[in-house]
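In what follows, a single structure is set out as structure tokens and then discussed.
Throughout, read-outs are computed from the coordinates displayed, never taken from laboratory work. Just so it is clear, the structure is predicted and the values come from calculations on it, not from any experiment. Neighbour counts are summed over all protein chains in view; Cβ atoms, including those assigned to glycine, are modelled from backbone coordinates with ideal geometry.
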């Protein structure tokens, strides 16, 4: 399996809605859904040819959700199994060892908490690093109104607002590819060239930059069943949204064991902490709504009772490609027994490594990145050459020679390198009683000044006869020089 890591940097505020609704209360995302990245690549759907179905519909290519990067470290959604004393912030609960995992808290312990004046409250929002650092996500709000063109003022009764994720934040996401025959280079190219994201992109929102990145620190796992009340369990942490099915294959909030990748066992709902949602995506290409989707939200924790001696490592390997539906859009990612839900008090890693958010050395980036860098350098070189051409035109009398410039352009098209073109223009070998060079005989010699010919000859670099710099310069000059006649009203 090929796995590619990326960082998406917001160059402006980004509007991301959790639904396609345009009226009423609009829920907003605090992450980037993987479907956004799939859509960026799908703009070039036809470029994938016969592999298009496999790339976009089969689940063989999975575009993960984008999570905010906190101080150079990747983050994960807060597990819903975390409970802390009411009125205490999550950060204070972590520092004071007052954060608890609900499956390990018995009814008697809950009563003792209440007797001590502490009421436990579920943690539902936020992202945290594997080291226990909280990533704060603050949305910006902008109030706007529709414009009344007839009266040239704000339209009465048409106020609306945008909640947006702030400019300058960076978000990590991954793309996983099962089939090595799929053109991963083309996927990489499409992502790195994408510059827009979210709603209201025609206004001030939506500008992004995507670069390749190091992988984030994975969640440490306990690769053996967890004992709770004398029984063995596997605790499944939903790293992404889960779209699962019941035993009859219907979308459901109460999935069957098979949908979670188990062949035997029992889902212990009494120990599970899940939150659900439903949404109906709109497909702009087909201009139609897709069927409504029932999903279990990321951060949910599902407890599954398993036989004693259950092989957790083998199970994790079997679900490495995800579970359930819509995996191409980032759904279905599960982590079995992560350490921070596998004990009464969450355990964190203190030495989480930081991501390298700078542009990587091109030797580590691969062929596509090197190609993109080369394209940019070529564009910069073309721009510098255009500046040189315009400076040459400003310093020399190039007007009144449309016919000759057209013939020079034809000679440029036929030439293969600098030396070939130079000889066609300035060859002094006598043929039919005159020099063979185009600018040294006939009408061209009569209309062209000696200084213009000498200056054009001086541009030739004899040390680079097989290059094409001089050839490109003269060809560009033959395109722009005739335009001076139109500007000056010449022939």
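Assign one of three labels to the stretch 367-488, namely rounded, prolate or oblate, based on the Cα gyration tensor with a ≥ b ≥ c the square roots of its eigenvalues; rounded applies when a/c is under 1.5, prolate when it is not and a/b is larger than b/c, and oblate otherwise.
Numbers: a/c = 2.39, a/b = 1.47, b/c = 1.62.
It is oblate, given that a/c is not under 1.5 and a/b is not larger than b/c.
I need the Debye-formula profile for the stretch 164-253: one equal scatterer per C-alpha, no solvent, reported as log10 I(q)/I(0) at q = 0.17, 0.25 1/Å, two decimals.
Taken in order of the listed q values, log10 I(q)/I(0) reads -1.08, -1.27.
Once you place label points 7 Å from the Cα toward the Cβ at residue 388 and residue 138, how far apart are they in nm?
5.1 nm
Between residue 221 and residue 105, what length in nm is gained on full extension when 0.36 nm per residue of separation is reduced by their alpha carbon distance?
Working: separation 116, 0.36 × 116 = 41.76 nm, distance 2.07 nm.
Result for the pair: 39.7 nm of gain on full extension.
Rank the residues 434, 441, 331 as a footprinting-exposure proxy: fewest other Cβ atoms within 10 Å of their Cβ go first.
Placing the least packed residue first, the sequence is 434, 441, 331.
Send over the per residue convex hull volume for the stretch 226-341, Cα only, as a whole number of Å³.
Dividing the Cα hull volume of the stretch 226-341 by its residue count gives 101 Å³.
Among 141, 31, which comes first, then next, by fewest other beta-carbon atoms within 10 Å? If you can, show how the numbers build up before the last one.
Working: 141 8, 31 22.
The most exposed by this proxy come first: 141, 31.
Output the relative contact order of the chain, whole-number percent, from Cα pairs under 8 angstrom with separation of 6+ residues.
Over the chain, the number comes to 18 percent.
Fewest first, what order do 70, 17 take by the number of other Cβ atoms within 10 Å?
Working: 70 20, 17 17.
Going from least to most buried by this count: 17, 70.
Could you work out the mean projected area of the convex hull around the alpha carbons of the chain, in square nanometres to one decimal?
Directional mean of the projected Cα hull area for the chain stands at 35.1 nm².
Whole angstrom only: what separates the Cα centroid of the stretch 267-313 from the Cα centroid of the stretch 126-194?
The two parts, judged by their Cα centres, are 23 Å apart.
Separation between the residue 248 and residue 113 pseudo-spin-labels, each 7 Å from Cα along Cα→Cβ, expressed in nm?
According to this spin-label approximation, the distance is 3.7 nm.
Using a Förster distance of 60 angstrom, determine the FRET efficiency expected from the C-beta separation of residue 410 and residue 58, and round it to 0.05.
Working: r = 51 Å, r/R0 = 0.86.
Working from the Cβ atoms, E equals 0.70.
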